[in-house]
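All remarks here apply to the structure that follows.
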Amino acid sequence: MRIDVVSIFPEYLAPLDLSLIGKARRDGLLDVRVHDLREFAHDRHRTVDDTPYGGGAGMVMKPQPWAEALDAVVRSGAGRADGARPRLVVPGPGGTPFTQAMARELAQEPWLAFACGRYEGIDERVYEHAAQDLGLRVDVVSLGDYVLNGGEVAVLAVTEAVARLLPGVIGNAESLVEESHEDGLLEYPVYTKPASWESAPGTTRDVPRVLLSGDHRAIAQWRHQQRLERTAARRPDLLHASQPVGALADLDLALATAADAPELMVLTRACWVGEIARYGMFGAGEESVEQVADDLTRWQTWVFRSGGRLVASVRGRLDPQDPATWQIGRLMVAPDLQHRGIGRELLAFAEAQAPAGATAYWLNTGAGSDRNLRIYRKAGYRVRPGEGSFPGTVDLTKRRR
């Protein structure tokens, strides 16, 4: 990947020579070029800013130096074999929030260019020039709901988040799998030796016993539970990215934990007794509580309760083979509450939980489940030709709008 950065403080980008990013540059995995915007100003003071039209405090960065700088960046890649042009990223508090999903999207680009604004920002006509005259895709990106003095700090953060996803930059690629935000949850707490540590005289702090047990299933369940609890405590907005509506809004919503497994198993059998008998699904009804709990480590599962009773549930995850597809499964409503439209609301809720990078939805149902098929078709799903992922079933997909 090639990265070009235009700034009036090029020395601000020196940290990109350090740590794993610096090593990636030395290994040829990352080509970073930093340009001084003042080199494109032609007066003796190398002026890049002026007062704003319409009045107001502060200064605005002038269009001409920026236009020349971006033109030079684009021209420098004229001989690229792939014919690519840079995707221009401009850090700014008024931009789209930067997320892990966006980092993964940017990591697919062969060439990125960053424009580091200062003062009150860059003359708006520069964005128009980049998009219309140079034919660049332009993204204004925000690190968060606060204001920095300039875009350099944001460029450092975005570059590190993106570059570490490039093949070969992180030595152990598996370390990327369970990080915070990769599946909408924060990372679980981590520990190392010694197992028992005297943090202060008379005070000993021990590693949780489950991590010393060697029981990989128990460890996975503990870690998933810790991720749920940490996310609920620190970032509850991640658990409720889309609030339920309609009848669902009257129910108590939570992410399922291992403690919910027995009730989830009962609800599954109550809702799908016909499918279990017809298709032999879930081991012909012999799915164990342990199996249900184990599934919770691989899916995000939402449960809805009324007066403490579990009455509905649905789960979702990114397809392990196709991260652009959001899989929806186990859409269940208690039999006595069916035929009230709750299932349709539950489906819409599950779709709304899909991460930003998902471009399609997938679900599976019995080939003879006519009522389910009618609901899914009405919601915009289409049946894939051939047999589904399980004998006697069909797969349905829908493009995300």
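The values are calculated or read from the model by the stated rules, or taken from the named source; none is laboratory data. As the structure is a computational prediction, the values presented were derived from the model and not from experiment. Cβ atoms come from the backbone with ideal geometry, glycine included; neighbour counts cover every protein chain shown.
Here are some notes:
- Residue check for residue 16: part of a strand (DSSP E or B), assigned by TED's automatic domain parsing to the domain that holds residue 114, of a type in the set (A, V, I, L, M, F, W, C) and surrounded by 19 or more Cβ atoms within 10 Å (Cβ to Cβ): no
- Every residue from segment 28-40 that is modelled with pLDDT of 95 or more and not in a strand (DSSP E or B): 37, 38, 39, 40
- Selection of segment 303-324 for residues being crowded, with 18+ Cβ neighbours inside 10 Å and either more than 14 Å from residue 261 (Cα to Cα) or in contact with a Gly (Cβ under 8 Å, 6 or more places away or on another chain) (or both) yields 314, 315, 316, 317, 318.
- Complete set of residues in segment 104-160 that are among the polar types (S, T, N, Q) and over 30 Å from residue 24 (Cβ atoms): 132
- Within segment 351-399, the set of residues being in contact with a strand residue (DSSP E or B) (Cβ under 6 Å, 6 or more places away or on another chain), in a loop (DSSP other than H, G, I, E, B) and either outside the structural domain of residue 272 (by TED's automatic domain parsing) or closer than 20 Å to residue 301 by Cβ (or both) comprises 353, 354, 358, 389.
- Residue selected from segment 120-133 under the condition farther than 20 Å from residue 158 by Cβ and surrounded by fewer than 17 Cβ atoms within 10 Å (Cβ to Cβ), by the criterion modelled with the lowest pLDDT: 120
- So residue 82, is it in a loop (DSSP other than H, G, I, E, B) and without any contact (Cβ under 8 Å) to a residue 12 or more places away in the chain: no
- Residue 327 passes every criterion in (1) free of Cβ contacts under 8 Å to residues at least 60 places away in the same chain; (2) under 19 Å from residue 246 (Cβ atoms) apart from (2).
- Tabulated pairs, segment 1-30, first more than 14 Å from residue 160 (Cβ to Cβ), second of a type in the set (Gly, Ala, Ser), C-beta under 6 angstrom, 6+ apart or interchain: 4/113; 6/69; 6/115
- Against the list (1) closer than 21 Å to residue 142 by Cα; (2) of a type in the set (S, T, N, Q); (3) at pLDDT below 95, the condition residue 7 fails is (3).
- Taking segment 211-270 as the range and being farther than 21 Å from residue 289 by Cβ, in a loop (DSSP other than H, G, I, E, B), touching a helix residue (DSSP H, G or I) at 6+ places or on another chain (Cβ under 8 Å) and at pLDDT 85 or above as the test, no residue passes.
- Test: residue in segment 325-340 that is touching a strand residue (DSSP E or B) at 6+ places or on another chain (Cβ under 7 Å), part of a helix (DSSP H, G or I), at pLDDT below 90 and of a type outside the set (S, T, N, Q): yes
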